[in-house]
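Peer 1: I am attaching a structure below and will ask some questions about it afterwards.
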Amino acid sequence: MKCCTFKWTIIPTLLLVLGFASEGFAQRRFEAEVGSGVAPLPYSRVGRSGWQFAKLPTSARMASLGGIATVLSKADANASLANPATISDVTNISLSGSNMNWIADITYYSGAVVKNFDQWGVFGLSISTLDYGDMVRTENQELFGPDGETLGRTQPVIDDLGTFSGGDLAVGINYGRRITDRLQIGGTVKYFQETLDDATTGNWAIDIGTYYHTGIKSLRLAMLGQNFGPDTEFTQYDEQIQIPPSQVRMPMVFKLGAAIDLVEQSEDQPHLLTIATEFTHPNDGDEKMHVGAEYGLRNLAYIRGGYRFNYDEEGLTAGGGLNLKRDQYGISVDYAYIEFGRLGSVHVVTVGFDFGN
C-alpha cells in the first residue's frame, strides 16, 4: 500500500517539475544556438484570460489565510469550492454559504452542499455568482467635423437611457475520495456563464486536486489544477457592438501547497497552531505565493492571518472564526479582511452547518 501511495504522489510531482525544467532547458538551448541578442522587455501575461471571478476566494477562512486553497482542509463544504480532494474529510452532510462585498460595489456569493455516500465517495454541489450591480447605460456617438466629415472617433452620450447590469455564474459538481489513509483525490466539473445586459455566453471547465499526508509529523502536501477548459467566444455581445468575436481563455492555474501544525491539538493540548504556504502558476500572470497561519483554541475559536506576494494591490489578510458544536450538529461563523491598498479593503463572511454521523 505504501508503494501505491508513493506512485500516486511522486508521478504528478515529477510531471510538474519536468514541465518547469523543460521550459528552462529550451530557453538555454535557444540562447546557446542563436544567442541571447537584445534583452527582451519585461513581459507579463496579465489580461490574457477571462472569467476572472473564478480566482476570488470562496470562503472567509480561505481569504483570511492569504487565499490558500489547496492544503487547509476543515472537513466542511467550503472544500468543494477550493480543493475537491479535501471534501472526503466530510463525514456526513455539510453546507456553507459566503458573502463578499468586492471592490467597486461588486457583490460575490458562493455556496455548497456536500454529502458522504460511504463506499461511493463524497459528492458535492457548489455555486458561485458575481453581481456587478446597476450601471448607467451610454451610447457612443460618432463625431463629425464642421463640413460633415467624420473625425474617426466617438464620444459617450448619456441621455437618460436607464441602467443595465451584468454578472457571472459558476455551478459545479464535485467528487472526492480517500484512496489510502494518507492520499485523497478529487475533481470538479463546472459550467460557467457570463451575462452583460441581454447578451450571454457560457463555457465549461474541470478542477483536479490531490491531498497527501506525508507521515512526517503533521506535514500535508497538496496539488491542484483549476479551470481546465476550452476557449470560448463572446459572439453575441460582439455582434451587438459590431466587432469581430474575441477568443476568451479560461483562467487556468496550477497550485502547490504545504501545511504543518507547529502545535498539535489533543485531549491534553487545547491549542492548535498551523502554518501553510502555497505557490501558484497562472496562465495569465506572474507566479504568486500565499502564506498563512491559524491559531485555534479547543476547536472553538480561531485567529488567522496571511499575506499574498507578487500582487499589485493585495497584500495583508486577517480574520477569525467560531465553531460551535452540540452532539452531532455544528455551526461555524468566519470573517475575513483583505487589504487592497489604494482600492480600500474587502470583507468576507461565511456561515457553515455540519451534520455529523
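The values are calculated or read from the model by the stated rules, or taken from the named source; none is laboratory data. Bear in mind that the values here come from a model prediction, so they are computed numbers and not experimental data. Virtual Cβ from ideal backbone geometry, glycine too; neighbours counted across all protein chains shown.
Peer 1: Restricting to region 95-130, name every residue that is over 20 Å from the mean Cα position of the chain (by Cα), of a type in the set (S, T, N, Q) and surrounded by 24 or more Cβ atoms within 10 Å (Cβ to Cβ).
Peer 2: Of everything in region 95-130, nothing turns out to be over 20 Å from the mean Cα position of the chain (by Cα), of a type in the set (S, T, N, Q) and surrounded by 24 or more Cβ atoms within 10 Å (Cβ to Cβ).
Peer 1: Please find, among G285, G296, G292, G320, the residue that is under 16 Å from the mean Cα position of the chain (by Cα), small (G, A, S) and assigned to a strand (DSSP E or B).
Peer 2: One residue alone meets the criteria, G292.
Peer 1: Looking only at residues that are buried (at least 24 other Cβ atoms within 10 Å of the Cβ) and of a type in the set (S, T, Y) in region 45-82, which one is nearest to S345 (Cα to Cα)?
Peer 2: S64
Peer 1: So, Q328, is that one touching a Gly at 6+ places or on another chain (Cβ under 8 Å) and at pLDDT below 90 or not?
Peer 2: When the stated conditions are applied, Q328 passes them.
Peer 1: State which residue is farthest from S332 (Cα to Cα) when the search covers only region 285-321 and only residues that are acidic (D, E) and surrounded by fewer than 18 Cβ atoms within 10 Å (Cβ to Cβ).
Peer 2: Ranking the candidates gives D286 first.
Peer 1: Here's another thing I want to ask about it. Residues in region 128-135: is at least one assigned to a strand (DSSP E or B) and modelled with pLDDT under 90?
Peer 2: yes
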